[in-house]
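What follows is a short report on a single structure.
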Amino acid sequence: MRIGGIQKYSTIDFPKKLACVLFTQGCHFRCGFCHNAELVEPKQFGNCLAEEEVFTFLEKRRKALDGVVISGGEPTLHPDLETWLRRIRDLGFATKLDTNGIHPNVLQSLIQGELLDFVAMDIKHCLQASYYDSISGISPNLESIQESVQTLLSGSVDYEFRTTLISEIHRREDMLAIAASLRGARQWTIQSFRPQKTLNPQWQNFRPWSAEAIGSLRTELAEKFPELRIRYLGFSS
């Protein structure tokens with residue numbers, strides 16, 4: 001895999017585990033709010049970390065860390081993702097995948113191979129083309145994304161869905177529509193948009209939802225999800 005960087009310690013990226021995060025290079029989406037342009041735009045890619053450099057780091061952290069998160073970019077683009085996950089698990093780490101859900105076959109294969117302990121899947125908007133396109137910057141195969149949603153809803157691996165709220169993009173009725181498409185989900189995390197270092201500089205003029213608006217939405221949706229979490233700029237509630 002093309003590893004563009006490592007976050008050596010994280011207490012928030014893998015629920016209930018102290019983990020490191022491996023960031024893969026490459027993504028077919030061009031989400032305007034993305035803050036990892038150096039992992040998305042090939043012209044901004046830095047040098048990749050050598051595979052053995054990564055695993056030397058992990059070997060030294062076997063007693064200090066509980067898990068490894070593979071994020072991006074979009075990790076499922078990489079054909080050797082499964083090989084890396086097997087090697088990481090052989091070191092005794094729990095594993096988590098961050099994905100946009102565009103490759104359901106890869107997700108299903110990893111779950112069936114018992115290579116994942118947790119999956120975080122981004123839900124950008126309502127699962128309708130015009131809405132999703134407004135964020136992703138492309139026209140993704142929504143049937144594939146829906147298939148990934150259903151795979152996680154089957155409950156064979158622990159998971160969370162995540163949606164980043166942007167005032168200019170998401171209306172209250174949009175969030176209710178997303179909630180309906182995730183009916184039966186155990187966990188949905190709603191994240192506050194950060195209007196800084198965005199892939200599309202124009203999105204730095206967009207605004208996060210107010211705390212009051214998010215609180216009202218949470219009250220309305222709380223009974224529908226066993227775990228409905230709100231994340232404000234790195235802090236969860």
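The values are calculated or read from the model by the stated rules, or taken from the named source; none is laboratory data. Being a predicted model, the structure only gives us computed values, none of them experimental. Counting neighbours? That spans all protein chains shown, and the Cβs are built from the backbone with ideal geometry, glycine included.
To keep it simple, each residue is scored yes or no on (1) in a strand (DSSP E or B); (2) buried (at least 20 other Cβ atoms within 10 Å of the Cβ); (3) under 22 Å from the mean Cα position of the chain (by Cα).
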position: 38; (1), (2), (3): no, no, yes
position: 59; (1), (2), (3): no, no, no
position: 73; (1), (2), (3): no, yes, yes
position: 76; (1), (2), (3): no, yes, yes
position: 79; (1), (2), (3): no, no, yes
position: 82; (1), (2), (3): no, no, yes
Would you call residue 109 at pLDDT 95 or above, out of contact with any helix residue (DSSP H, G or I) (no Cβ under 6 Å at 6 or more places or on another chain), of a type in the set (Ser, Thr, Tyr) and on the phi < 0 side of the Ramachandran plot? yes
The range 103-201: strands (runs of 3 or more DSSP E) wholly inside it with 1 or more residues that are surrounded by fewer than 18 Cβ atoms within 10 Å (Cβ to Cβ) are 158-165
Pull up the range 143-188, narrow it to residues that are among the β-branched types (Val, Ile, Thr) and in contact (Cβ under 8 Å) with a residue 60 or more places away in the chain, then point me to the one that is farthest from residue 231 (Cα to Cα). 166
Name the residues in the range 40-57 that are without any contact (Cβ under 8 Å) to a residue 60 or more places away in the chain and either within 30 Å of residue 200 (Cβ to Cβ) or surrounded by 14 or more Cβ atoms within 10 Å (Cβ to Cβ) (or both), would you? 42, 43, 44, 45, 46, 47, 48, 49, 51, 54, 55, 57
Give 134, 139, 154 a once-over and let me know the one that is among the polar types (S, T, N, Q), closer than 26 Å to residue 15 by Cβ and out of contact with any Leu (no Cβ under 8 Å at 6 or more places or on another chain). 154
Can you tell me how many residues in the range 202-212 are touching a residue at least 12 places away in the same chain (Cβ under 8 Å) and surrounded by 13 or more Cβ atoms within 10 Å (Cβ to Cβ)? 4
Return the residues of the range 87-102 that are closer than 13 Å to residue 55 by Cβ and surrounded by 15 or more Cβ atoms within 10 Å (Cβ to Cβ); say none if nothing qualifies. 87, 88, 89, 93
Quick count over the range 214-226, residues being more than 19 Å from residue 131 (Cβ to Cβ) and in a helix (DSSP H, G or I), is 9
